[in-house]
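This report concerns only the one structure given below.
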Amino acid sequence: MATYLIGTYIACEAPVHAIKVLERLVPSQPTVYWWNVLIRHAVRLRFLEDVLVLYRKMQRFGWKPDHYTFPFVFKACGDLPSFRRGASVHAAVCANGFESNVFVCNAMVAMYGRCGMLDDARQVFDELCVRGIGDVVSWNSIVAAYVQGGNKKNALKMFTRMVDDHRICPDVVSIVNILPVCASLSAWLQGKEIHGFAVRNGLVEDVFVGNAVVDMYAKCGMMDEANKVFERMMVKDVVSWNAMVTGYSQIGRFEDALALFEKMREEKIELNVVTWSAVIAGYAQRDHGYEALDVFRQMQVCGSEPNVVTLVSLLSGCASVGTLLHGKETHSYAIKRILDVDGNDPGDDLMIINGLIDMYAKCKSVKVAQMMFDSIATKEKNVVTWTVMIGGYAQHGEANDALELFSKMLGQEIFIKPNAFTIACALMACSRLAALRLGKQIHCYVLRNQYESMVVFVANCLIDMYSKSGDVDAAQVVFDNMKQRNAVSWTSLMTGYGMHGCGEDALRVFDEMRRAGWMPDGVTFVVVLYACSHTGMVEQGMKYFNSMSDEYGVVPGVEHYACMVDLLGRAGRLDEALKLIEGMPMEPTPIVWVALLSACRLHPNIELGEHAANRLLELESENDGSYTLLSNIYANARRWKDVARIRSLMRHTRIKKRPGCSWVEGKKGTAAFFVGDRSHPLSQEIYKILGDLILRIKAMGYVPETSFALHDVDDEEKGDLLFEHSEKLALAYGILTSPAGAPIRITKNLRVCGDCHTAICYISTIIDHEIILRDSSRFHHIKKGSCSCKGYW
DNA sequence: ATAGGGTTAG
């Protein structure tokens, strides 16, 4: 009767009741058999803590665990976090004399493997071998242990040893264990051998084996091989399809992946969460966030339950298109489904939080991102947490904050090693600030830690950093030393030459890129046209613009038209620029009108300037730069009433001019100056040096260009005096703190002021420094009175 | 025992 009751309770998956019955019968009736049955079912139902409770209880009631009990207990120990328990059960095995039982020992190897205790696993395994009782399951267990411990090389070594040295024939499990190892090591040759073995022994019929083979080829990028196996599989399941879909997606054949996805739907194969997540991730990785969101909607309609992977992919999609609204929706969904759910994997929570930080930063809510970042305890953060926040600051916040956070990361007590992504983000921040010294330090760090040789994009970031920090020669050296390059490498180098007024070099790099077999894309042409316009190569630029569609199949976008307006405008060909705009096949965006407006400032033309400014303000009424430009145009023509009108308009609409800010890398860190800044400790000396210099260059014939004095329309008190402009202050500080002969590197957030440019050229004749000035548009290398921009700025 | 995920550059 009692055993009948126990059996019923187990069948109803109610082991708690079964245990109660069992306890009441103790110690008279039940046998070890019933304890074992109970334990087995508790394992099956994943009541892992209960397994250990039962294991202890049976001993308290005087029953000895046997060769049947131990494997289940080890199974539970392996899946529970505390590894101590496993070791104590190991001791019990020895105490009860089961250390020569192959079943028990195999389970022990597996348990130690799951707990990450590889040495213990290996020791038990070796003892099995010494006793000569190791079987294929033992070998599978030790291989699996190495796989789980991330030691893939050893896993493969053990597998080879089992086959070659011990002549043990792999079974289905062995193959399914080892093929993913081949896949992740890209060891397709060994994978192919194992595939052959599986074919000869009829194991490919097994759907698990077939899937593992397909996946191995797919992960090695051999989609044709994968497809052949896939086509021949008699039995396919959703895993087989998923392996193909992700395979295509990962080698960049997303179209094929989507086609298979469609086919799955046509053939009514039940899509699971993996399928949906893979498609969502595929779209997200290609910056197609809205498509990702749409697939997510379809997934919900189909009733498939999203999980962590789905949501993380979806967040990445929201981030890629910067859609805060959908990002917030996903956030609340994640709270309901993951973050507020008890007892889930803390690693999952972190993945979601990392995705959220990234999403908020990319949706320009850097403050929210920062709050989330700060809300995680330091010891919970991983390298991605740091990286997304550093990248968020670098791209959407203050680049300074990015660098501060990067150095904070390096100084953490529990050191988290930056990875290539982290380095890339830090270098981006350096690029924005032209922080050459820090950039060089990071370059050294990269060399010491062998990042560069591994990752093309780290080297590309270095090229970008050197290019934008005023050292094109260093950029060229990095480029020359690269073992592998891609289109971005070439384009980054071209940007460097273009910004430094070396248009011919930029075009030479373009030709070399073509000869090396790389196809230029839209971005490449922006860089080519930019280089032409900043060197005054109008005809060259027109030639490239006219050929890009026919010769290279790149249809000019609005950004290319803006480059052309800039090119013609800088050369003073304003009417042609206007004609080009009027003939554009698409609506001009603000960047086009800004280019025309700037040209009207450079080559004074009030009517056209007003036209451009009006169009611009229709599109973007909050652009402070356009007000400033127009006001400068009026000032240049001495139309003070119009200047005053613009000023009052700005005051009325509460549009503030972004303050000009310049910074310079001094011996002791970087010093930043705003217009009329007197906050620096050396302020007095700076103003004195500047006053002296101005007097001296005036004697040489320098005449202040007063039209630039009205640059700072919103703050008459501070900014009206030309010599208080931030770039002049930065120069004075540079002179004050640099050793004789050393170049002074100044960076300005806006365009350099025309009067400052003239003044600095004069000053360069009477000081012993080359001046390298980067503004928001390009570099000016100023030396002994002449500037590399040759007027094209 | 097999399949899916976050951070990067011109």
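When we screen A:Q476, A:Q484 for residues that are more than 9 Å from DNA strand B (Cβ to nearest atom), over 21 Å from A:T387 (Cα atoms), at pLDDT 95 or above and open to solvent by 10 Å² or more (accessible area, probe 1.4 Å), the only hit is A:Q476. Counting the residues of the range A:719-773 that are open to solvent by 30 Å² or more (accessible area, probe 1.4 Å), among the β-branched types (V, I, T) and farther than 30 Å from A:K656 by Cα gives 4. Looking across the range A:408-421, the residues that are open to solvent by 60 Å² or more (accessible area, probe 1.4 Å) and within 23 Å of A:K362 (Cβ to Cβ) come down to A:K408, A:F421. When the range A:518-534 is filtered for residues that are open to solvent by 10 Å² or more (accessible area, probe 1.4 Å), over 14 Å from A:S549 (Cβ atoms) and part of a helix (DSSP H, G or I), the ones remaining, listed by number, are A:V523, A:V526, A:V527, A:Y530.
Residues in the range A:221-237 that are within 12 Å of DNA strand B (Cβ to nearest atom) and open to solvent by 30 Å² or more (accessible area, probe 1.4 Å): A:V235, A:K236, A:D237.
When you scan the range A:238-248, do you find a residue that is more than 10 Å from DNA strand B (Cβ to nearest atom) and open to solvent by 80 Å² or more (accessible area, probe 1.4 Å), even just one? The answer is no, given that none of the residues of the range A:238-248 is more than 10 Å from DNA strand B (Cβ to nearest atom) and open to solvent by 80 Å² or more (accessible area, probe 1.4 Å). For the range A:774-793, the set of residues classified as open to solvent by 20 Å² or more (accessible area, probe 1.4 Å) and among the polar types (S, T, N, Q) consists of A:S776, A:S786, A:S788, listed by residue number. Please determine whether any residue of the range A:182-189 is modelled with pLDDT under 95, surrounded by fewer than 22 Cβ atoms within 10 Å (Cβ to Cβ) and within 12 Å of DNA strand B (Cβ to nearest atom). The answer is yes, given that some residue of the range A:182-189 is modelled with pLDDT under 95, surrounded by fewer than 22 Cβ atoms within 10 Å (Cβ to Cβ) and within 12 Å of DNA strand B (Cβ to nearest atom). Pairs linking a residue in the range A:387-410 that is farther than 14 Å from A:D374 by Cα to a residue that is near DNA strand B (Cβ under 10 Å from one of its atoms) and in a loop (DSSP other than H, G, I, E, B), with Cβ atoms under 8 Å and 6 or more positions apart or on different chains, are A:F406/A:P418; A:L410/A:P418. How about the range A:368-383: which of its residues are surrounded by fewer than 19 Cβ atoms within 10 Å (Cβ to Cβ) and closer than 14 Å to A:T422 by Cβ? Those that are surrounded by fewer than 19 Cβ atoms within 10 Å (Cβ to Cβ) and closer than 14 Å to A:T422 by Cβ: A:N382, A:V383.
Restricting attention to the range A:167-178, the residues being more than 16 Å from DNA strand B (Cβ to nearest atom) and surrounded by fewer than 13 Cβ atoms within 10 Å (Cβ to Cβ) number 1. Here A:E587, A:E622 are screened, and the one residue that is touching a helix residue (DSSP H, G or I) at 6+ places or on another chain (Cβ under 9 Å), at negative phi, part of a loop (DSSP other than H, G, I, E, B) and open to solvent by 60 Å² or more (accessible area, probe 1.4 Å) is A:E587. Elements of the type helices (runs of 4 or more DSSP H) sitting completely within the range A:73-147 and holding at least 1 residues that are without any contact (Cβ under 8 Å) to a residue 24 or more places away in the chain: these cover A:84-95, A:118-131.
The residues in the range A:625-672 that are at pLDDT 85 or above, surrounded by fewer than 19 Cβ atoms within 10 Å (Cβ to Cβ) and closer than 15 Å to A:N749 by Cα can be counted, and the count is 1. None of A:I335, A:I376, A:I357 is more than 8 Å from DNA strand B (Cβ to nearest atom), within 24 Å of A:Y290 (Cα to Cα) and out of contact with any Phe, Trp or Tyr (no Cβ under 6 Å at 6 or more places or on another chain) except A:I335. Checked against the criterion of being near DNA strand B (Cβ under 8 Å from one of its atoms) and touching a residue at least 40 places away in the same chain (Cβ under 8 Å), the range A:319-327 contains one or more residues that satisfy it.
Being open to solvent by 60 Å² or more (accessible area, probe 1.4 Å), near DNA strand B (Cβ under 10 Å from one of its atoms) and at pLDDT below 95 is a condition met by no residue of the range A:201-209.
Only one of the numbered conditions (1) of a type outside the set (F, W, Y); (2) over 17 Å from the mean Cα position of the chain (by Cα); (3) near DNA strand B (Cβ under 8 Å from one of its atoms); (4) surrounded by fewer than 21 Cβ atoms within 10 Å (Cβ to Cβ) is violated by A:L350, and that is (2). Checking each residue in the range A:265-287 for being of a type outside the set (V, I, T), in contact (Cβ under 8 Å) with a residue 12 or more places away in the chain and either farther than 18 Å from A:T310 by Cβ or surrounded by fewer than 18 Cβ atoms within 10 Å (Cβ to Cβ) (or both) picks out A:E270, A:N272, A:Q285, A:R286, A:D287. Candidates are the residues of the range A:590-619 that are open to solvent by 60 Å² or more (accessible area, probe 1.4 Å) and acidic (D, E); the one that is farthest from the chain's Cα centre (by Cα) is A:E607. Number of residues in the range A:673-697 that are in contact with a His (Cβ under 9 Å, 6 or more places away or on another chain) and either loosely packed, with under 15 Cβ neighbours inside 10 Å or over 15 Å from A:I763 (Cβ atoms) (or both) equals 3. Against the list (1) buried (at least 24 other Cβ atoms within 10 Å of the Cβ); (2) at pLDDT below 95, the condition A:V455 fails is (1).
The values are calculated or read from the model by the stated rules, or taken from the named source; none is laboratory data. Worth saying up front: this structure is predicted, and the values here are computed from it rather than measured. Here Cβ is always computed from backbone atoms with ideal geometry, including for glycine, and neighbour counts include all displayed protein chains. Just so you know, the surface numbers come from the protein's heavy atoms only, side chains and all, with ligands and any DNA or RNA stripped out. Shrake-Rupley method; radii C 1.70, N 1.55, O 1.52, S 1.80 Å.
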